[in-house]
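Step one of this worksheet: look at the structure below.
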Amino acid sequence: MPLLVADDRFESYTGGWPRTESYWDQLGQIASGRKIAILWDGSQPNALYLFDQAPKFDLFVAEAASLAVDEEAVLVPRSMILQKFDDGFAQLRDTIANLKTSGARHIALVGTPPPKGDLAAIRRFLNNEHYYAQIIKASGYNADNIDIISPSVMLKIWYIAQEKYRQIAAEENVVFIAVPKAVRTEEGFLDPIYWSEDVGHANLTYGNLMRDHIASQVGKM
């Protein structure tokens, strides 16, 4: 599939959502001799935790030690969040194994965009995504009054998700390409200049920057 902005360094492979087994099988069929960069399920933290849980929880993450912990929330261990991600990442391991068997030259697993740090903006964006709009409608709430997890807790969950990507990359002997600090605010959130007009995605400017970043890292492989 052509990229929105032509780039001779890359070929894009995408498809419908949710991805099917045939999607990953077809990627395996064209993988031989190629360097493959995988961007995997960056929306999983939102899908699992965006709408506030009962009871409300918080956690301490060393990478985000400057973020306060809500003393009124239930404090949960990061291992619990890591375990929650395990089911969603099982297919990732299978996909990497399939690409290796198919003769991929090198494989890289790419980190995902950090969350947005503005709760009011997230509420505005909720109605722009059919997936979340349907959940809200079914709950009997609307985007203005449904409980949403605090951005600081979501950022901590994002750090844990990146840890999971890094862990899988190490275990599967592939390269992990972390999101560069340049796209993040001082607090660690996605810089607003890289926002798309939805809850979790980044924009084309972010995509162009990440292509340069990926190319610079893949060139070392």
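Do you know which residues across region 53-93 are among the small types (Gly, Ala, Ser), closer than 30 Å to Tyr23 by Cβ and free of Cβ contacts under 8 Å to residues at least 12 places away in the same chain?
At the first step, the residues of region 53-93 found to be among the small types (Gly, Ala, Ser) are 54, 62, 64-66, 68, 73, 79, 88, 90.
From the residues that got through so far, the ones that are closer than 30 Å to Tyr23 by Cβ too are 88, 90.
Ala90, the sole residue that qualifies.
Please tell me if Glu72 is surrounded by 14 or more Cβ atoms within 10 Å (Cβ to Cβ) and among the charged types (D, E, K, R).
Here the answer is no, as Glu72 does not meet what is asked.
For Asn173, indicate whether it is of a type in the set (S, T, N, Q), in a loop (DSSP other than H, G, I, E, B) and in contact with a helix residue (DSSP H, G or I) (Cβ under 8 Å, 6 or more places away or on another chain). Full working, then the answer.
Details: of a type in the set (S, T, N, Q): yes; in a loop (DSSP other than H, G, I, E, B): yes; in contact with a helix residue (DSSP H, G or I) (Cβ under 8 Å, 6 or more places away or on another chain): no.
No, not satisfied.
Among the residues of region 55-65 satisfying the criterion of being modelled with pLDDT of 90 or more and outside any strand (DSSP E or B), which is farthest from Val175 (Cα to Cα)? Write out each step before concluding.
First, the residues of region 55-65 that are modelled with pLDDT of 90 or more: 56-62.
Retained after the next criterion (residues that are outside any strand (DSSP E or B)): 56, 59-62.
Numbers: Lys56: 36, Leu59: 28, Phe60: 27, Val61: 24, Ala62: 23 Å.
The extreme case among them is Lys56.
Take the residues in region 132-155 that are part of a helix (DSSP H, G or I) and exposed (fewer than 13 other Cβ atoms within 10 Å of the Cβ); name whichever of them is nearest to the chain's Cα centre (by Cα). Talk me through it step by step, then tell me what you get.
First pass over region 132-155, keeping only residues part of a helix (DSSP H, G or I): 132-139, 151-155.
Filter once more, keeping what is exposed (fewer than 13 other Cβ atoms within 10 Å of the Cβ): 134, 137-139.
Values: Gln134: 21, Lys137: 25, Ala138: 25, Ser139: 25 Å.
Looking at residues that are part of a helix (DSSP H, G or I) and exposed (fewer than 13 other Cβ atoms within 10 Å of the Cβ), I get Gln134.
Could you tell me which residue of region 14-54 is modelled with the highest pLDDT, considering only residues that are loosely packed, with under 13 Cβ neighbours inside 10 Å and in a loop (DSSP other than H, G, I, E, B)?
From region 14-54, those loosely packed, with under 13 Cβ neighbours inside 10 Å are 14, 16-18, 20-22, 25, 29, 32-33, 54; that's our starting set.
From what's left, in a loop (DSSP other than H, G, I, E, B): 14, 16-18, 20, 33, 54.
Working: Thr14: 79, Gly16: 80, Trp17: 76, Pro18: 78, Thr20: 83, Gly33: 94, Ala54: 82.
Result: Gly33.
Out of the residues in region 206-221 that are in contact (Cβ under 8 Å) with a residue 40 or more places away in the chain and among the aliphatic types (A, V, I, L, M), state the one that is farthest from Pro180 (Cα to Cα).
Met221
Any residue in region 4-32 that's farther than 18 Å from Asn98 by Cβ: show its pairings with residues that are in a loop (DSSP other than H, G, I, E, B) and of a type in the set (A, V, I, L, M, F, W, C) at Cβ separation under 7 Å, as long as the two are six or more apart or on different chains.
These pairs meet every condition: Phe10/Leu3; Ser12/Met1; Ser12/Leu3.
Would you be able to tell me the number of residues in region 123-176 that are of a type in the set (Phe, Trp, Tyr) and farther than 24 Å from Ala62 by Cβ? Walk me through it before giving the result.
Let us first name the residues in region 123-176 that are of a type in the set (Phe, Trp, Tyr), namely 125, 131-132, 141, 158-159, 165, 176.
So of that shortlist, the ones also farther than 24 Å from Ala62 by Cβ come out as 125, 131-132, 141.
Summing the residues that are of a type in the set (Phe, Trp, Tyr) and farther than 24 Å from Ala62 by Cβ in region 123-176 gives 4.
Would you mind finding the one in Lys116, Lys100, Lys84 that is surrounded by 14 or more Cβ atoms within 10 Å (Cβ to Cβ), under 30 Å from Gln29 (Cβ atoms) and either of a type outside the set (Asp, Glu) or within 20 Å of the chain's Cα centre (by Cα) (or both)? Walk me through it before giving the result.
Values: Lys116 fails: under 30 Å from Gln29 (Cβ atoms); Lys84 fails: under 30 Å from Gln29 (Cβ atoms).
That would be Lys100, the only listed residue that is surrounded by 14 or more Cβ atoms within 10 Å (Cβ to Cβ), under 30 Å from Gln29 (Cβ atoms) and either of a type outside the set (Asp, Glu) or within 20 Å of the chain's Cα centre (by Cα) (or both).
Could you grab me the full set of residues in region 186-220 that are loosely packed, with under 14 Cβ neighbours inside 10 Å, assigned to a loop (DSSP other than H, G, I, E, B) and not small (Gly, Ala, Ser)?
Within region 186-220, Glu186, Glu187, Glu197, Lys220 qualify.
With respect to Ile96, is the statement that it is touching a residue at least 12 places away in the same chain (Cβ under 8 Å), assigned to a helix (DSSP H, G or I), under 24 Å from Val174 (Cβ atoms) and of a type in the set (A, V, I, L, M) true? Explain how you work it out, then say what you get.
Values: touching a residue at least 12 places away in the same chain (Cβ under 8 Å): yes; assigned to a helix (DSSP H, G or I): yes; under 24 Å from Val174 (Cβ atoms): yes; of a type in the set (A, V, I, L, M): yes.
Taking the combined requirement at face value, the residue satisfies it.
I'm checking my understanding of the structure. Among residues of region 119-131 that are touching a residue at least 60 places away in the same chain (Cβ under 8 Å) and outside any helix (DSSP H, G or I), which one is nearest to the chain's Cα centre (by Cα)?
Among them, the one singled out is Glu129.
Looking at the structure I just gave you, is Val175 closer than 25 Å to Ala90 by Cβ, in contact (Cβ under 8 Å) with a residue 12 or more places away in the chain, in contact with a Pro (Cβ under 7 Å, 6 or more places away or on another chain) and not aromatic (Phe, Trp, Tyr)? Break it down into steps so the answer makes sense when it comes.
Numbers: closer than 25 Å to Ala90 by Cβ: yes; in contact (Cβ under 8 Å) with a residue 12 or more places away in the chain: yes; in contact with a Pro (Cβ under 7 Å, 6 or more places away or on another chain): no; not aromatic (Phe, Trp, Tyr): yes.
When the stated conditions are applied, Val175 does not pass them.
Would you say Ile81 is in a helix (DSSP H, G or I) and either under 22 Å from Glu187 (Cβ atoms) or modelled with pLDDT of 95 or more (or both)? Walk me through how you get there before you give the answer.
Numbers: in a helix (DSSP H, G or I): yes; either under 22 Å from Glu187 (Cβ atoms) or modelled with pLDDT of 95 or more (or both): yes.
Criteria met by Ile81.
The values are calculated or read from the model by the stated rules, or taken from the named source; none is laboratory data. Just so it is clear, the model here is predicted, and its values are computed rather than measured. Positions of Cβ are generated from backbone atoms using ideal geometry, with glycine treated the same way; all protein chains shown enter the neighbour counts.
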